[in-house]
1. Would you calculate a helix-derived [θ] at 222 nm for the chain, using -39,500 (n - 2.57) for each DSSP H run of n ≥ 4 and dividing by the full residue count, to the nearest 500?
2. Only Cα pairs under 8 Å and at least 6 apart count here; give the relative contact order of the chain as a rounded whole percent.
3. Give me the number: length gained by fully extending Ser56 to Met30, i.e. 0.36 nm times residue separation minus the C-alpha to C-alpha distance, one decimal in nm.
4. Please list, in order along the range 27-41, the HN-Hα scalar couplings obtained from phi with the Karplus expression 6.51 cos²θ - 1.76 cosθ + 1.60 (θ = phi - 60°), rounded to whole Hz, x for Gly and Pro.
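Throughout, read-outs are computed from the coordinates displayed, never taken from laboratory work. From a predicted model like this one, the values you see are computed outputs, not experimental measurements.
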Amino acid sequence: MNALVKSWRWNRLLETGEVTITELAQQVGMSRTYVSRIVNLMFLTPEILSGILTGSQPATLHLQDLIANLPVEWPSQKQVLCFPDVLK
């Protein structure tokens, strides 16, 4: 859940032009790659976001699964992460 909060906060900083991704990475003491992967979490499917926020995500789901080259397409995200197709 902390990573989701960071993704939205960091994305807001990037969108408003307050910082570049390089500056943000330096500020938080992380690599640009890691910061980019965390920011990309805001593009998860609504079902995945809801599942994480409500604690109903699969027990096997870990942050590493979310930031390790997750597909952009929502159906593929749900399949890769073993999320049930609850919203249709």
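1. Helices in the chain give a 222 nm mean residue ellipticity of -16000 deg cm²/dmol.
2. Worked out over the chain, it gives 29 percent.
3. 6.5 nm is the gain from fully extending Ser56 to Met30.
4. Using θ = phi - 60°, the values come out as 4, 8, x, 10, 6, 4, 4, 5, 4, 4, 5, 5, 4, 5, 4 Hz.
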